[in-house]
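Some notes on the structure that comes next.
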Amino acid sequence: MRAPRFLIAAAHKSSGKTVVSTGLARALAARGLSLAAFKKGPDYIDPMWLSAATGGPCYNLDFNTQAPDEIASFFTSRAAGHDLALVEANKGLFDGVAMDGTDSNAAIAKLLGLPVILVIDTNGMTRGIAPLLQGYRAFDPEVTIVGVILNKVGGPRHEQKLRQAVETYTDLVVVGAVHRNSALEIGERHLGLTTPAETGELDALISRLGEVVGGSVDLDLLLDLAGQADDLPDPPAPAPVPPPDVTIAYARDRAFGFYYPDDLEEFAAQGARLVPFDAMADPALPLCDGLFIGGGFPEMFVPELSANAPLRADIRVKIEAGLPAYAECGGLMYLSRAIVAEAAAGLMVGVVPGEAVMHPRPEGKGLIRFTERADHPWPGAGGTIRAHEFHYARLKALDGTPRYGRDMTRGHGVDGNSDGIVVHKTLAGFCHLRATRADNWVSRFVDFVRANRGTTA
């Protein structure tokens, strides 16, 4: 299949990739193009911006949880039917965990045949951009770097010097030059960029990004470069979706929004109907056979979550009566007795016998591995499971000796050794899972919900 596509990468993190990618996505969508958006790595926040800009899902491509052939087939299936595919890198083009670069952004570019557009933070740089670009071109000739976007440019004179350096010393084209502009500042916090739900006036902000970035980049040239990508194999026909026979409620609001779109799609593929609820506004759970609470920023909404006592009580009563439930990171914090943050402290559901206390530095951060214990409530996956964690919270004042479902072999989890507290028919931990070929956790959880349907006291 014909698949115009490109990778937005950079020399280092905080170069402005997400702002440029979001602006490009909105500008291209405004032209009437259908975009498939992707993010390299396990990140949740950047995909929210790309999803808001395109009006469709943004999918993650992650070497930690997906095999290379799985990434390739996944990308092809999600890019099919779209005019263009945009992939945003994480960190720098050649950065990754593996020293041989097999999990880097460059590896994604080679695997998927992505022409690379480098976003360069030009602050304090003029002629020096040339050896940087020469080095990136020479480091791995199999990576097809086709153009550069000059970012954070100081003014017309600065832009002219940068363009002259690129044109004189390299054969790369300057696709655009984005000048320093306060309208492009989204803001950052401890987990990276702020989420779209927190910015207010979201569509106006993204439209402004589209206007500024779209007006600073030669979109026709960008489309021409993306169109030079080789054709991809046609994806297989999608499997039929079975009619749902179980209903799972899941928290979807400003506090809880860390969900992979393909994981949510997998619930449908496994015969589960997902019904969203707002943990800050709804007085009770919707009628359901199971409960899923993903990650997010509950520490930013402690007063609102705590004030909704009817929902907290309803969740506690139903979990204690045997409702199957799964909670990740922010969801674990919400199920604890209380969240204690710098700005506020408040009572939470109270099923997990401890308090989630926020700390100034990460308690757990990065790619993790674990094995499942006999106490894990779902059907066993077997072997080592790969996932990730990123949390500033630590559980404190835990009562007694908690039952854990996971042994950490890499990463922190709850206490440095264990994760996945098991209470009643609930599993709650700091690990963020991804439903992949190696571990289809969604299938296992839905089977668990199905097996325990109607057993709630």
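Summary table
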{"read-out": "Unique residue being assigned by TED's automatic domain parsing to the domain that holds THR54 and more than 29 Å from PRO236 (Cα to Cα) when the list is ASP121, ASP103, ASP83", "value": "ASP121"}
{"read-out": "Residue match in segment 266-277 (condition: in a strand (DSSP E or B) and either of a type in the set (Ser, Thr, Tyr) or closer than 21 Å to PHE74 by Cα (or both))", "value": "no"}
{"read-out": "Scope segment 356-380; condition in contact with a His (Cβ under 7 Å, 6 or more places away or on another chain) and hydrophobic (A, V, I, L, M, F, W, C); matching residues", "value": "LEU367, ILE368"}
{"read-out": "Residues that are in contact with a Ser or Thr (Cβ under 8 Å, 6 or more places away or on another chain) and small (Gly, Ala, Ser), drawn from segment 133-161", "value": "GLY154"}
{"read-out": "Matching residues, segment 395-434, being more than 25 Å from the chain's Cα centre (by Cα), surrounded by fewer than 17 Cβ atoms within 10 Å (Cβ to Cβ) and either not in a loop (DSSP other than H, G, I, E, B) or not assigned by TED's automatic domain parsing to the domain that holds ILE293 (or both)", "value": "LYS396"}
{"read-out": "Filtered residues of segment 278-292 (kept if surrounded by fewer than 21 Cβ atoms within 10 Å (Cβ to Cβ) and in a strand (DSSP E or B))", "value": "none"}
{"read-out": "Matching entry among ALA27, ALA89 (being modelled with pLDDT of 95 or more, crowded, with 23+ Cβ neighbours inside 10 Å, more than 23 Å from GLY257 (Cα to Cα) and touching a helix residue (DSSP H, G or I) at 6+ places or on another chain (Cβ under 8 Å))", "value": "ALA27"}
{"read-out": "So THR65, is it part of a loop (DSSP other than H, G, I, E, B) and without any contact (Cβ under 8 Å) to a residue 40 or more places away in the chain", "value": "no"}
{"read-out": "Scan of segment 322-343 for residues that are at pLDDT 95 or above and among the charged types (D, E, K, R), ordered by number", "value": "GLU328, ARG337"}
{"read-out": "Qualifying residue in segment 16-33 (condition: within 18 Å of the chain's Cα centre (by Cα) and in a strand (DSSP E or B))", "value": "no"}
{"read-out": "Residue ID - modelled with the lowest pLDDT, chosen from residues in segment 180-196 that are more than 20 Å from LEU28 (Cβ to Cβ) and crowded, with 16+ Cβ neighbours inside 10 Å", "value": "LEU191"}
{"read-out": "Hey, GLY257 closer than 28 Å to ILE71 by Cα, touching a residue at least 40 places away in the same chain (Cβ under 8 Å) and surrounded by fewer than 20 Cβ atoms within 10 Å (Cβ to Cβ) or not", "value": "no"}
{"read-out": "Contacts under 9 angstrom Cβ, first residue in segment 398-420 being within 10 Å of ARG373 (Cα to Cα), partner outside any strand (DSSP E or B) and β-branched (Val, Ile, Thr), 6 or more apart", "value": "TYR404/VAL414; ARG406/VAL414; GLY420/VAL414"}
{"read-out": "Selection within segment 58-79 - under 26 Å from LEU223 (Cβ atoms) and either touching a Phe, Trp or Tyr at 6+ places or on another chain (Cβ under 9 Å) or modelled with pLDDT under 95 (or both)", "value": "CYS58, TYR59, ASN60, LEU61, ILE71, PHE74, PHE75, ARG78, ALA79"}
{"read-out": "Among residues of segment 377-394, those that are over 18 Å from LYS365 (Cα atoms) and either at pLDDT 95 or above or surrounded by 13 or more Cβ atoms within 10 Å (Cβ to Cβ) (or both), counted", "value": "5"}
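Yes or no, residue by residue, for (1) in contact (Cβ under 8 Å) with a residue 40 or more places away in the chain; (2) in the same structural domain as THR65 (by TED's automatic domain parsing); (3) over 24 Å from GLY454 (Cβ atoms); (4) surrounded by fewer than 18 Cβ atoms within 10 Å (Cβ to Cβ):
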| position | (1), (2), (3), (4) |
| --- | --- |
| ASP263 | yes, no, yes, no |
| ALA268 | no, no, no, yes |
| GLY294 | yes, no, yes, no |
| PHE297 | yes, no, yes, no |
| PRO303 | yes, no, yes, yes |
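Here's the yes/no breakdown for (1) modelled with pLDDT of 95 or more; (2) more than 27 Å from the chain's Cα centre (by Cα); (3) in the same structural domain as ILE108 (by TED's automatic domain parsing):
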{"site": "ALA130", "(1), (2), (3)": "yes, yes, yes"}
{"site": "ASP140", "(1), (2), (3)": "yes, yes, yes"}
{"site": "LEU150", "(1), (2), (3)": "yes, no, yes"}
{"site": "GLN160", "(1), (2), (3)": "yes, yes, yes"}
{"site": "GLY200", "(1), (2), (3)": "no, no, yes"}
{"site": "ASP203", "(1), (2), (3)": "no, no, yes"}
{"site": "ASP218", "(1), (2), (3)": "yes, yes, yes"}
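Listed here are the residues, each with its yes/no results for (1) in contact (Cβ under 8 Å) with a residue 24 or more places away in the chain; (2) outside the structural domain of GLY215 (by TED's automatic domain parsing); (3) closer than 21 Å to PHE74 by Cα.
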{"residue": "HIS12", "(1), (2), (3)": "yes, no, no"}
{"residue": "LYS17", "(1), (2), (3)": "yes, no, no"}
{"residue": "GLY23", "(1), (2), (3)": "yes, no, no"}
{"residue": "GLY32", "(1), (2), (3)": "no, no, no"}
{"residue": "ALA37", "(1), (2), (3)": "yes, no, yes"}
{"residue": "PRO42", "(1), (2), (3)": "yes, no, yes"}
{"residue": "LEU50", "(1), (2), (3)": "yes, no, yes"}
{"residue": "PRO57", "(1), (2), (3)": "yes, no, yes"}
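The values are calculated or read from the model by the stated rules, or taken from the named source; none is laboratory data. Just so it is clear, the structure is predicted and the values come from calculations on it, not from any experiment. Cβ atoms come from the backbone with ideal geometry, glycine included; neighbour counts cover every protein chain shown.
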